[in-house]
């Protein structure tokens, strides 16, 4: 069942009815959600249910074991009657046992992910390696079908396991509630990646009252999220995908202007597609009283690439930060490496080395998470390289700002925003083309840079009649305006009365609905593409 | 406690009233946009209105004719009236499937002010297993009045990519026409003129018969089961209503009407005591001249051919089904005199245009 389908709308409507009637009456709302999630997933093939159920089972049982070990560790710590040395030794043993449990479950669950997602990639790499050694031949791909959302729910489940390991949350006693956390249907297909302790209370619901039907404000917010998501996907992304993919499809055989427009178009299209899908997911979840975490925070306002990655696909990057970066940066292995490196490298650099090595690991994993191919790996490494170099150039930036006093000015903020946008867009080219082609594309863009040509070439690039070009521009304006209003909502609320706001919001939502209804690219003659991030 | 209840009601009443007051214009705007975006079928393709034009009829009909273009292009209902006083209506649409014919007949039998005397069914559509294009289904159903029959008819013929919700809310289907809106979308927003003549599609242009591709060998000599299933349903419905059913094959030269199908229909007709008139075989007897009586090289009759078929069939139907001559009924005659006047004017106008230009502009030229 696709997120953008009449079936999904009917499914959600029927689910909401059951949720707020039968579910609330008998305090089984979470059961309704679980059944809905199982049914939703089974729609992609009931045999694939084995994957999320297995991951949930391993995470649940591993977490229960870890929880028990945590409790034991606490008892040992609190037991003042035993000798301190004995307590320390027992604690160490428990730590080792905990680590073994954690590592085992991580290996099993990530192993499942690795096998289904990366077997063919590994075989192709192995084949290339063997060819390099002069041995001809290749390995036939196994061709595993990628289970829906496996990258997302595996990371989500393992994040929960690590949280229990760290003692930052208690293990869920009920396997079915755990399964619901892993399989909660709105977020299964393309995230966001949630944290157990954040969404558990809302997912399971209030014991006394159950989850209440959303109030007016919540309905408005949910409606706006869903409608804005539909606008981004059906009005903007579906219009842009054709021209963008056409340029990418040339494999680099295009003019500098086309390459530039294709590059910018790809970034904008990806934002509209991905954030549109996330908006629909968040809006749908909130109708069931579950607030999922945001995945985007106005990424195109970012001042640097590092800043950008705190605003784009936030839940994945936060997961990487909390479960990869910090453990890696503070690990004994990396500290040892830094210490050894400090003997030959400058002192300042060797101090930053742990962070760089951890960042390398993060971007390696982020790269291959996005796809089982060299291009995603290279994309990840390219991001790492740019951010590391940028970090190393910090003293230079300081000297520059010291001289020219531009830092903090509005103009410089805009320059940084544009620079970051272009940098991100250039790096995204690694996802589209081989490395050599990326560099040739960039050189061509610079060599043939012609602002007038670019501006004039937009209609031809889009391949649309003037009314549709205007519509696209208007839709983007609406997205920007909505973002602006959200950013200034407290000020606006203070200025206007409640009645005016209520009326304006109704008109705004109705307007969004009409624009999407009439100008969305769906229905006969269109095949709405799956959300770009569904493939991960 | 009652006071609390009343207090609550008084508190929510303004909100409820405000919601209703806001909902009315919102729904009205949606309905307006839907009406604006739905195609009006006033240009080259007028068949899209055929289903709804039937609802304009004020008088009952003695003869109901069902089928696809071989029905609505090959029998002149006005000739049936003029020469025999037979009131008839063709409930036909482009590529109308047997299932659709069944449900349109079912609807017509409920709507007719007096029970008809006979049903005539064109057998050519029996060769179709499923609908060729979604557009044809839309032309049949978009303006059909909602009923259990319409729901079943849609379910029976919908293609995999079609959704019932798009029939319930046609704006979901036609929203994309915002780019292609024309003047006629505003002109015919509320009412559309009746273009057919009791369901008959008038063409006065001429294109003589040409060669057609050689008939391909049939993989399966039998007519599709699903089609025969609906033919049987039509027969049973007629039997239940006490209506004689007559099957007929138009004198269209293409698509090919295979001997195997002919044999199957003959056998079916014989087994159920049904009259079957094959105007393709009896084209000579009907006086059909394929150099003059067709507008598209022999696939469909023009008005000259359709009138000849009406004359030929009318003789048979009047004699065998005892259809009364209604020309003596003043009320019916008055209505049909107006129709005849329109018919003659339209025919004359098309004849003049064809004589001058060699084609009819409304139908996209002589193709």
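None of the figures in this text is laboratory data; all of them are computed from the coordinates on show. Keep in mind it's a predicted model, so treat the numbers as computed, not measured. Please note: Cβ atoms are built from the backbone with ideal geometry, for glycine as well, and neighbour counts cover all protein chains shown.
Taken as Cα centroids, region A:332-375 and region B:320-365 sit 87 Å apart, rounded to the nearest whole angstrom.
Grab the DSSP H runs of the protein assembly as shown that are 4 residues or longer, score each as -39,500 (n - 2.57), total them, divide by all residues and round the 222 nm result to the nearest 500 deg cm²/dmol.
Working: 39 runs with 560 residues, N = 903.
Computed ellipticity for the protein assembly as shown at 222 nm equals -20000 deg cm²/dmol.
Residues B:46, B:90 in ascending order of nearby Cβ atoms (within 10 Å, fewest first): B:46, B:90.
Per residue of A:498-509, count partner chain C-beta atoms within 10 Å of its C-beta, then hand back the mean as an integer.
Details: counts 0, 1, 0, 0, 1, 2, 0, 0, 4, 2, 0, 0.
Mean number of neighbouring Cβ atoms from other chains: 1.
For the listed peptides A:332-341, A:364-373, a ranking on the average number of other beta carbons within 10 Å per residue, highest first, reads A:364-373, A:332-341. First check a/c for region A:407-536, with a ≥ b ≥ c the square roots of the eigenvalues of its C-alpha gyration tensor; if it is under 1.5, answer rounded, and if not, answer prolate when a/b is larger than b/c or oblate otherwise. Verdict is oblate for region A:407-536.
What average number of partner chain Cβ atoms lie no more than 10 Å from the Cβ of the residues making up A:512-523? Walk me through the intermediate numbers first.
On the way: counts 0, 2, 6, 0, 1, 7, 11, 4, 3, 2, 3, 9.
Counting Cβ atoms of other protein chains within 10 Å of each residue's Cβ and averaging gives 4.
Overall size of the protein assembly as shown from C-alpha positions, given as principal axis extents largest first: 118, 79, 67 Å.
May I ask you to order B:155-163, A:449-457, A:509-517, A:189-197 by the average number of other C-beta atoms within 10 Å around their residues, highest value first? Can you show the working numbers first?
Values: B:155-163: 15.2, A:449-457: 12.7, A:509-517: 17.8, A:189-197: 23.3.
By packing density, highest mean first, the sequence is A:189-197, A:509-517, B:155-163, A:449-457.
Spacing of the modelled spin labels on residue A:78 and residue B:348, each 7 Å from Cα toward Cβ, amounts to 10.7 nm. What translational D, rounded to a whole number of µm²/s, comes out for region A:1-98 from Stokes-Einstein when the hydrodynamic radius is the Kirkwood one over Cα pairs, at 25 °C and 0.890 mPa s? D, rounded to a whole number, is 142 µm²/s.
Which order, highest average first, do A:470-483, B:95-108 follow once you tally other Cβ atoms within 10 Å for each residue and take the mean per peptide?
On the way: A:470-483: 15.4, B:95-108: 24.6.
Ranking the peptides A:470-483, B:95-108 by packing returns B:95-108, A:470-483.
Any chance you could give the angle, 0 to 90 degrees and rounded to 10, that helix B:330-357 forms with the longest Cα principal axis of chain B? Result, in degrees: 70. When only alpha carbons are used to place a centre, region A:395-457 and region A:33-79 end up 45 Å from one another. Ranking of A:432, A:506 by neighbouring Cβ atoms within 10 Å, starting from the fewest: A:506, A:432. Comparing Cα centroids, region A:181-198 and region B:260-280 end up 64 angstrom apart.
Taking the C-alpha atoms only, the angle from helix B:303-321 to the longest principal axis of chain B is near 90 degrees. Averaged over every viewing direction, what's the projected area of the C-alpha convex hull for region B:307-351? Give it in nm², one decimal, please. That works out to 3.8 nm². Note down the Stokes-Einstein diffusion coefficient of region A:158-205 in µm²/s, whole number, using a Kirkwood radius over alpha carbon pairs, 20 °C, and 1.002 mPa s. Result for D is 193 µm²/s. Give the shape of chain B as rounded, prolate or oblate, defined through the alpha-carbon gyration tensor: a ≥ b ≥ c are the square roots of its eigenvalues, a/c under 1.5 means rounded, and otherwise the shape is prolate if a/b is larger than b/c and oblate if not. Prolate.
Applying 1/(1 + (r/R0)^6) with r as the Cβ-Cβ distance of residue A:21 and residue B:135 and R0 = 45 angstrom yields a FRET efficiency of 0.65. Computed on region A:258-367, the Cα convex hull volume stands at 138 Å³ per residue. Shielding by partners for B:172-181, please: the mean number of other protein chain Cβ atoms within 10 Å of each residue's Cβ. That works out to 4 on average. Here the simple spin-label model places points 7 Å from the Cα toward Cβ, and for residue B:256 and residue A:442 these points are separated by 6.4 nm. For chain B, the longest principal axis of the C-alpha atoms and the axis of helix B:225-241 are separated by about 80°. Beta-bridge orientation, the protein assembly as shown: approximately 15 percent antiparallel, per DSSP, counting only bridges with both partners inside. Across chain B, C-alpha contacts under 8 Å between residues 6 or more apart give a mean separation that, scaled by the residue count, equals a relative contact order of 24 percent.
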